[in-house]
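Enquirer: Can you keep this structure in mind? I'll have questions shortly.
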Amino acid sequence: MNPATTNGAIPEPVVLDALALTSDPELEVRFAESSHRILADLVGGGAALGWVAPPSRDEVAELLGHVISAARAGDAALRAAYLGGRLVGLGYWLRYVRPTHRPHADLEKIAVDAAVHGCGVGRALTTALIADAREAGIEVLTLDARGDNTGALRLYRSLGFTEYGRLPGFVAVGELRYDKVLCMLDLRQQD
Ligand SMILES: CC(C)(COP(=O)(O)OP(=O)(O)OC[C@H]1O[C@@H](n2cnc3c(N)ncnc32)[C@H](O)[C@@H]1OP(=O)(O)O)[C@@H](O)C(=O)NCCC(=O)NCCS
């Protein structure tokens, strides 16, 4: 898909709170199917999203169901990005489960259809999720990224995340080992 309009301009992505999609069961099923397509294609192409092999439809549906339930309870935010009416990206954070970590949340997946990489979708999704975290009173938003995921790390740094640690050779993909880079955004120190 080429997202450019006839005058060559790239349209702005529309980023929705995915809870809005769950008021209609048909929309929710379509969202889960499109999310599966995006995630499975990215992982099939080697993207660092935590899976070694593309996740199944059921696995993605179960994951989204879990995040949506948590979002209803105020313990998560799930965002969906559209370009030209088509789902092109998604991302979410989840509040930590451990009682002593409850004020904080982890940004777990930002995934953008490879066909529209570089069009501002990842930035729009991450910006919206940070705003959601601030709105929900989250104190520290954490994330981790594979050390070779320079594009994602550049995006996170540009939005204020700082690296607080690194586990050398921790991420295992077959025989390959990559650093796990730990990042944080302290929302207590922001306006
Ligand atoms: C990482 C990812 C979410 C970025 O999404 P995107 O829509 O392509 O990113 P954007 O167009 O919004 O770009 C935002 C910033 O990311 C950085 N960036 C994105 N892709 C990059 C690349 N290939 N090389 C260098 N920087 C890159 C740039 O800093 C860019 O800022 P700029 O617009 O000022 O140049 C997307 O590439 C993706 O889905 N990757 C596969 C899944 C993944 O790795 N997710 C992150 C897991 S931690």
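Enquirer: If the requirement is being more than 26 Å from VAL60 (Cα to Cα) and in contact (Cβ under 8 Å) with a residue 24 or more places away in the chain, which of these qualifies: PRO99, PRO103, PRO168? Can you show your working first?
Expert: On the way: PRO99 fails: in contact (Cβ under 8 Å) with a residue 24 or more places away in the chain; PRO168 fails: in contact (Cβ under 8 Å) with a residue 24 or more places away in the chain.
After applying the criteria, what remains is PRO103.
Enquirer: Checking GLY89 against (1) open to solvent by 20 Å² or more (accessible area, probe 1.4 Å); (2) touching a helix residue (DSSP H, G or I) at 6+ places or on another chain (Cβ under 9 Å); (3) not aliphatic (A, V, I, L, M), which single condition isn't satisfied?
Expert: For GLY89, the exception is condition (1).
Enquirer: Looking only at the stretch 107-151, count how many residues are of a type in the set (Val, Ile, Thr), in a strand (DSSP E or B) and either within 8 Å of the ligand (Cβ to nearest atom) or more than 28 Å from PHE170 (Cα to Cα) (or both). Before you say what the answer is, go through the steps one by one.
Expert: First pass over the stretch 107-151, keeping only residues of a type in the set (Val, Ile, Thr): 110, 112, 116, 121, 126-127, 130, 138, 140, 142, 150.
Within this subset, residues satisfying the condition of being in a strand (DSSP E or B) are 110, 112, 140, 142.
So of that shortlist, the ones also either within 8 Å of the ligand (Cβ to nearest atom) or more than 28 Å from PHE170 (Cα to Cα) (or both) come out as 110, 112.
Final tally of qualifying residues: 2.
Enquirer: Being touching a residue at least 40 places away in the same chain (Cβ under 8 Å), more than 21 Å from ALA105 (Cβ to Cβ), among the aliphatic types (A, V, I, L, M) and open to solvent by less than 70 Å² (accessible area, probe 1.4 Å) narrows it down to one residue among ALA47, ALA53; which is it?
Expert: Numbers: ALA53 fails: touching a residue at least 40 places away in the same chain (Cβ under 8 Å).
Answer to the selection: ALA47.
Enquirer: Could I ask something else about it? How many residues are over 16 Å from the mean Cα position of the chain (by Cα) and part of a loop (DSSP other than H, G, I, E, B) if we restrict to the stretch 55-82?
Expert: 3
The values are calculated or read from the model by the stated rules, or taken from the named source; none is laboratory data. In this text, all values refer to a predicted model and were calculated from it rather than measured experimentally. All Cβ positions, glycine included, derive from the backbone under ideal geometry; neighbour counts span all protein chains shown. The protein model used for the area step is the full one, side chains on, heavy atoms only, and it has no ligands, DNA or RNA in it. Shrake-Rupley method; radii C 1.70, N 1.55, O 1.52, S 1.80 Å.
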